[in-house]
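Readers should treat all values here as calculations from the given coordinates under stated rules, not as data from a laboratory. Note that the structure is a prediction, hence the values are computed from the model and not measured. Positions of Cβ are backbone-derived with ideal geometry, glycine not excepted, and every protein chain shown enters the neighbour counts.
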Amino acid sequence: MKKIFWKSLIVVLTAALVLPGCQPKPAKSIQQAEPLPINLTDGLERSITITNPAQRIISISPPLTEMLFAVGAGGQMVGRDSYSDYPAEAKKITDVGWTYGKYNLETVVNLKPDLVLAGEITTPELVASLENLGIKVFYLNNPTNLDEMYAMLKTVGVLSGHNTEADTLVKTLQQRASALQEKIAKVTSRPTVFYELDATDPSKPYTPGSATLYTNLISLAGGENIGAKLTTAWPQISLEQLLVDDPTYIFLGDANYGTTPEIVTHRAGWQSLTAVKEGRVLPFDDNLLVRYGPRLLDGLEALAKALHPEFFK
Amino acid sequence: MLEIKDLSVDLNAEPVLRNISFTAKTGKILGIIGPNGAGKTTLLRAISGLIPIRIGNLELDSENLVDKSIIERAKLIASVPQSSSLPMAFNVWDMVMLGRTPYLNWLEQTSSQDDEIIQFSLQQTQSLDLAMRKVGELSAGEQQRVLLARALAQSTPVLLMDEPTTHLDLRYQIELLDLVQQLTRQKNLITIIVLHDLNLASRYADEMMLLEHGQIVAFGNPQKVLRDAVLSRVYQIPIHVDKKTRIPHVFPK
Amino acid sequence: MLLSIAIGSVVIPLKTVLQVLFNSRVGDAGFSTFTTIIWELRIPRTILMILAGAALAGSGSAYQGLFRNPLADPYLIGAASGAGLGAVIAITIHWPGSVFGFFVVPLAAFIGAVLTVLLVFGVSRAGKTTPVTTLILAGVAVSSFATALTSFLLINSSGELRRALVWLMGGSTLSGWMPVLGAAPYILIGLVTLLSMGHALNVLQFGDEQARQLGLRVPLFRTLIILAATLATAAAVAFTGIIGFVGLIVPHVMRNLWGGDYRRLLPLSIIGGATFLLAADILSRILLAPQELPVGIITALAGAPFFLLLLRKSKQQYW
């Protein structure tokens, strides 16, 4: 799956470089499908006018960085926040810092950006401060489902002048999603899932709740998130409730931070969970689900494979 | 002169002073004696305004004091507290200067006149040489003297003192009270002192008041107040007053 | 102050800094970035740090005098926890992102701080007086309540959790001239009022009773001092977050060096606080560039050992 993704990316980039009519610049070339200027509304309900595709982009949200690279605009980036580490090329871009919501504004100004892409982690106050410095900011809300993510990709495409690549990418992703849907439509059972975000306190682990992307994707992958019945977005579930629900699968979203299935078997009270007894505690790369870019499809496919391995021989 | 009529004070709904009436004369020291809990301190606090007077009259030279503002009262009545719990790092001069508080203008600047008064007060209490020292460095006797200086700097006709000799050696007790006596005469002050020690009281008071359970049991010159029978009853130990010397002494039988 | 303007993560040669400050070479296109950095970021930040440091240290010194307690600091009667609660409430209610909306969080923090202090004040009133110990106890109780309420809101929030935590850890994310314009009036009013309270604070050192007997209207001055100090503190906290140690340590150091006369101590604390916070801020910018450390960490790391050293060295009692 990943290979297809990378291949399409390479194809897109190569096309951008090789096709006649493109001006190679220090920044990667631009192809425009939509006539400019256009007006877009950003996540803070402000109307932003785009007259030219942005050439000097700073992204202060790791998923948005991924999206920029995915649509081929990686070369137009001049700055990124400290946590943007994917793809690997992103790490070579100038770091503008991150200290509890504040970025190094001097570095930002000095980079002379023509656009700053911000996600929900950025406060409106910071957006106002940037605007006050004469910098254009486009704020994107976190997506709650795949369609919203596709829309974000398209927006990022428009902003950076890579509409075509963005559209192509979205179509590819949609195809993958539909292919998956076809398979999942045939499943006979929908196993229950507990997705662990953090279990520093093993009697009250954190899990994604209702109306989160996680719940949505788990459902698309043919499972049921037991956290979905909890009303807030990032609730703690009690171990008692977990024992009552007795999920079929346990995914360790905190595997990136060192949690292993081995550790789980030693937690007090957890041994009685069926999933623990039958070895269905699986580590999971949380970045595939929390970085809401094209990799969501990777995450979705990984979930589906884990839940319904019989369909993915 | 300071006139008190029918003063009654309740604290926490308990009666502490009842029907207190007396006059304190100008240029004279009035010594208040009595056992613990008799209400001596409460009386001083009522006069200085810390306890509001709801029943009774307080007049200074026929001027009613009860309704006066805090600032006006501070220009008329100065209190010398006991020398405990003073901020240690305070400068003596600055502390005496606080006595000028009721006279300072809105910007709280001291004038040269204020400075003169401060200096004079220090001189009168023989503590000018202590002016630049810190309060915490002084002995108890010196502290009491500079507290007196502060009260003098307040330039009031009335001076109240609550057991000023408590922490002092005998020699300093005498020195302090000699000073107070001298100043009372010189400046025509109305001085009211609560004293624990009956001997000191008999030595320095021009008039005495014996309080028991919030009421005046005896009032007048020391000879009149210091009597065997009443003292023995009030203090609940046998007391004999020696009448041979001009100043009566008190010692248990 | 010049040092603060000259230093930052983007290297600007000193000559250039001076040129920008004195407006020469204005038309030079290459300088516009430097101009922006200096005029829109560094200078306002410098001023904000000066104001906040002055406010915290001035209030701290006033509180120590008022409560006659060396551990009193501007947060004692609830300003910090109230500000945190106000900010978190504003964040979780999800104000619309209009222009006014950008000021909502600091405004809410400010109101939270002031309301909390008023509550503490009101609860401690006993007749006409507000005894000091009651104030402190009420402050502790109300602070705990506010903190608990804040935690509760955080637990029950959804996407706002991160924003709220960001505020609690690092303070407001407003930069540029906005926070300066927002905080300055309150801080200036508060500090000017406090400066006129020097004599009153001196008198209050002797206790409420002696103060009254000396002719000081104790309730009036106590109220004024608390309000002025709270105003300044709330404005500082609303825009720079909860920075500790400045209000506690600077007045002590000043007292140690120059004595306990509040007519001198207040202005000295104000100046000392401004300098201290500015120095801490400069350090926070250069130590781990381009990362910036939260200023509160620097003040704690620098302030605490320095204070301990001072305590050991001074033999005389300075309180």
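Which of B:HIS213, A:HIS266 comes first, and how do the rest follow, when ranked by fewest Cβ neighbours within 10 Å?
Starting with the residue having the fewest Cβ neighbours, the order is A:HIS266, B:HIS213.
In chain A, a dipole from Cβ-located charges (positive for Lys and Arg, negative for Asp and Glu) runs towards its positive end, and of A:THR192, A:GLN181, A:GLY74 it is A:GLY74 whose Cα lies farthest in that direction. Relative to the longest principal axis of the Cα atoms of chain A, the long axis of helix A:295-307 makes an angle of roughly 20 degrees.
Could you give the angle, 0 to 90 degrees to the nearest 10, between helix A:146-160's Cα long axis and the longest principal axis of the Cα atoms of chain A? Roughly 20 degrees between the two axes.
The label-point distance for C:LEU118 and C:GLU209, in a model that sets each label 7 Å from Cα toward Cβ, rounds to 3.4 nm. Each label was represented as a point 7 Å from its Cα along the Cα-to-Cβ direction; for B:ASN19 and B:GLN123 these points are 5.0 nm apart.
The calculated FRET efficiency for C:TRP258 paired with A:GLU131, based on their beta-carbon distance and R0 = 51 Å, is about 0.65.
Between B:HIS213 and A:GLU148, the simple spin-label model (points 7 angstrom out along Cα→Cβ) gives 8.2 nm.
Counting only helical runs of four or more DSSP H residues, what would the 222 nm mean residue ellipticity of the protein assembly as shown come to if each run contributes -39,500 (n - 2.57) and the total is spread over all its residues?
Mean residue ellipticity at 222 nm (helix-derived): -15500 deg cm²/dmol.
Stretching the chain fully between C:LEU165 and C:SER196 yields a gain of 7.4 nm (0.36 nm per residue, less the alpha carbon separation). Using the Cβ-Cβ distance between B:ARG171 and C:ALA148 with R0 = 60 Å, the FRET efficiency computed as 1/(1 + (r/R0)^6) comes to roughly 0.50. Does the range B:116-188 come out rounded, prolate or oblate by the C-alpha gyration tensor, with a ≥ b ≥ c the root eigenvalues, rounded set by a/c under 1.5 and, if not, prolate when a/b is larger than b/c and oblate if not? It is oblate, given that a/c is not under 1.5 and a/b is not larger than b/c. Placing +1 on each Lys and Arg Cβ and -1 on each Asp and Glu Cβ, with no other charges, gives the protein assembly as shown a dipole about its Cα centre of roughly 1120 debye. Relative contact order of the range A:188-311, taken over Cα pairs closer than 8 Å and 6 or more residues apart, is 26 percent. Using C-alpha pairs under 8 Å with a sequence gap of at least 6, the mean separation divided by the residue count of the range B:40-80 gives a relative contact order of 33 percent. In straight-distance terms, cross-link reach from A:LYS183 covers every one of the aspartates and glutamates whose alpha-carbon lies under 19 Å from its own, apart from those fewer than eight places away in the same chain; here that gives A:GLU224, A:ASP298, A:GLU301, A:GLU310. Partners of B:LYS134 within straight-line reach, counting aspartates and glutamates whose Cα lies under 17 Å from its Cα and excluding those fewer than 8 residues away in the same chain: B:ASP94, B:GLU142, C:ASP261. Averaging the Cα positions of each part gives two centres, and for the range A:107-144 and the range C:192-257 these lie 40 Å apart. Please label the shape of the range A:23-172 as rounded, prolate or oblate, based on the square roots a ≥ b ≥ c of the eigenvalues of the alpha-carbon gyration tensor (a/c under 1.5 means rounded; beyond that, a/b larger than b/c means prolate, else oblate). Rounded shape, in that the Cα axes give a/c under 1.5. Compute the long axis of helix A:163-185 from its Cα atoms, compare it with the longest principal axis of the Cα atoms of chain A, and write down the angle in degrees, 0 to 90, nearest 10. It works out to around 20 degrees.
Rounded to the nearest 20, the size of the Cβ-charge dipole of chain B about its Cα centre is 780 debye, with Lys and Arg at +1 and Asp and Glu at -1.
Built from the Cα atoms of the protein assembly as shown, the convex hull projects on average onto 49.0 nm², one quarter of its surface area. B:ASP242 label point, 7 Å along Cα→Cβ, cut-off 19 Å on backbone N: hits in the range B:177-203? Only B:197-203 pass the distance filter.
When you filter the chymotrypsin sites (Phe, Trp or Tyr not before Pro) in the range B:153-237 for DSSP loop state and at most 13 other Cβ atoms inside 10 Å of their Cβ, nothing is left. When the C-alpha to C-alpha distance is required to be over 31 Å, the pairs from A:LYS91/A:LYS229; B:LYS75/B:LYS224; A:LYS91/A:LYS186; A:LYS92/A:LYS229; B:LYS187/B:LYS244; B:LYS187/B:LYS224 that qualify are A:LYS91/A:LYS229; B:LYS75/B:LYS224; A:LYS91/A:LYS186; A:LYS92/A:LYS229; B:LYS187/B:LYS244. Charge dipole (Cα centre; +1 on Lys/Arg Cβ, -1 on Asp/Glu Cβ; no other charges) of chain A amounts to roughly 900 debye.
Full extension of the segment from A:GLN241 to A:HIS266, taken as 0.36 nm per residue of separation minus the current Cα-Cα distance, would add 7.1 nm. Distance between the C-alpha centres of the range A:156-233 and the range B:176-205: 92 Å, rounded to the whole angstrom. Straightening the chain between C:ILE297 and C:ASN156 buys 47.9 nm, computed as 0.36 nm per residue apart minus the Cα-Cα spacing.
Going from the residue with the fewest nearby Cβ atoms within 10 Å to the one with the most, C:ARG45, B:ARG145 rank C:ARG45, B:ARG145.
Cβ-Cβ distance of A:THR49 and C:THR33, R₀ of 22 Å, FRET efficiency by 1/(1 + (r/R0)^6): the value works out to about 0.45.
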